[in-house]
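Encoded as structure tokens, the structure appears first; notes follow it.
Just so it is clear, none of the values below were taken in a lab; they were calculated from the coordinates. Please read these numbers as outputs of a predicted model, since none were measured by experiment. Cβ: placed from backbone, ideal geometry, glycine included. Neighbour counts: every protein chain shown.
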Amino acid sequence: MAVSKKVLVSWDIPQIGIDMLEGAGLATTVWKGEAPLSQSELIALAQEHDALLSQSTDKLDEAFFEACGHLEVISQFSVGYDNINLAKAKACGIPFGNAPGAMTEATADIAFGLMIATSRKFFYMHKKIVAGEWKIQKPQAHLGLDLRGKTLGIFGLGKIGSEMARLCKAAYGMEIIYTNRSEAPSIYEKDLQAKKVSFETLLEQSDVVSVHAGLNTETRGIFDAKAFAQMKSTAIFINAARGGIHNETDLIHALENGVIWGAGLDVTNPEPMQAENKLLSMETVCVLPHIGSATIGARNNMARMSAENIVSFYEKGVLPYLVE
Ligand code: DGY
């Protein structure tokens with residue numbers, strides 16, 4: 001690289017990623033603040049750089065591309081990319097890459113953990129002890145749901161969804177049904193003996209519905225009052241993908257009225273969730289603060305893959321993890 005290109009890393013990532021960028025002769029500016037950059041701060045900084053290593057919380061919308069159409073490449077420290085106006089990036093001729101597969105196991109573990117935690121009311125029971133309310137052990141109190149032999153409905157049988165299915169099959173012998181956006185069967189179908197069904201059948205037959213799809217115009221708000229009404233009253237709803245896929249008001253209503261049994265969420269709508277949110281005090285709800293990819297290994301993978309996109313773009317003109 002003759003002239004050193006300048007890369008803005010919009011929030012501090014594991015050092016392995018920074019080392020890769022700098023090792024390739026790129027100059028980095030890394031935002032190390034406690035809070036993410038506001039959009040105007042991001043734009044002002046990006047205007048002084050050639051490339052951006054972004055976060056899923058950055059707003060890369062039309063206004064961003066109007067101000068930063070000069071960027072040569074953008075790579076994101078995440079698998080999800082619902083924060084970017086991809087059409088605008090393309091119109092500006094800016095290739096965009098992400099980090100697919102970097103957090104498959106970590107995120108599936110969170111969905112699996114939430115399923116168990118919800119079925120046995122872990123978080124609510126923990127709060128009871130903290131509140132000094134563990135006094136007696138009544139034979140008929142605190143009963144949860146059994147998971148063995150139940151049906152798991154995966155909404156989006158991609159990498160993470162299939163890992164969740166694999167865990168549930170191995171641990172509890174669960175039957176797997178799924179829906180996918182594409183007409184073709186998922187490449188994971190055969191290994192899991194999974195059966196592709198319609199969205200309606202998934203809702204009607206699943207004991208646990210687990211969401212692993214991306215957020216897009218087709219999936220935004222798809223889990224609404226109508227969807228919850230089609231689920232079993234004993235069903236658990238898990239979302240470890242994007243909060244925008246469920247309608248939170250409808251979910252609260254469904255839980256309060258016994259339309260479904262429980263919910264385990266690693267993502268909320270909006271994020272962050274406020275402390276007074278009704279979901280946090282419900283007996284059969286477990287909420288986590290979007291920590292699906294928060295393991296040392298997954299975050300290192302994300303840093304490595306997102307840096308690799310930028311290095312490879314400058315060295316070979318291609319992004320290994322290009323989003324088409
Ligand atoms: C992802 O990679 O999309 C995770 O949800 C972190 O944003």
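Summary of computed values
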read-out	value
Estimated FRET transfer efficiency when R0 is 35 angstrom, pair SER281-GLU62 (beta carbons, to 0.05)	0.35
Residues ILE154, ILE238, ILE177, sorted so that the one with the fewest Cβ neighbours within 10 Å comes first	ILE177, ILE238, ILE154
Straight-distance crosslink candidates among aspartates and glutamates, where the alpha carbon sits under 15 Å from LYS128 and sequence neighbours closer than 8 are dropped	GLU283
Whole-angstrom gap from segment 63-114 to segment 126-170, using each part's C-alpha centre	31 Å
Antiparallel DSSP beta bridges within the chain, percent to nearest 5	5 percent
Percent antiparallel among DSSP beta bridges (both partners in segment 104-287, rounded to 5)	0 percent
FRET efficiency estimate (nearest 0.05) - Cβ-Cβ, VAL30 to THR217, R0 25 angstrom	0.15
Residue list for segment 231-262, given a label point 7 angstrom along the Cα-to-Cβ vector of LYS195 and an amide N cut-off under 18 Å	231-232
Extension reserve of the HIS70-ALA131 stretch, reckoned as 0.36 nm per residue once the Cα distance is removed	16.4 nm
Separation of the ALA184 and LEU143 label points, Cα + 7 Å toward Cβ, nm	4.7 nm
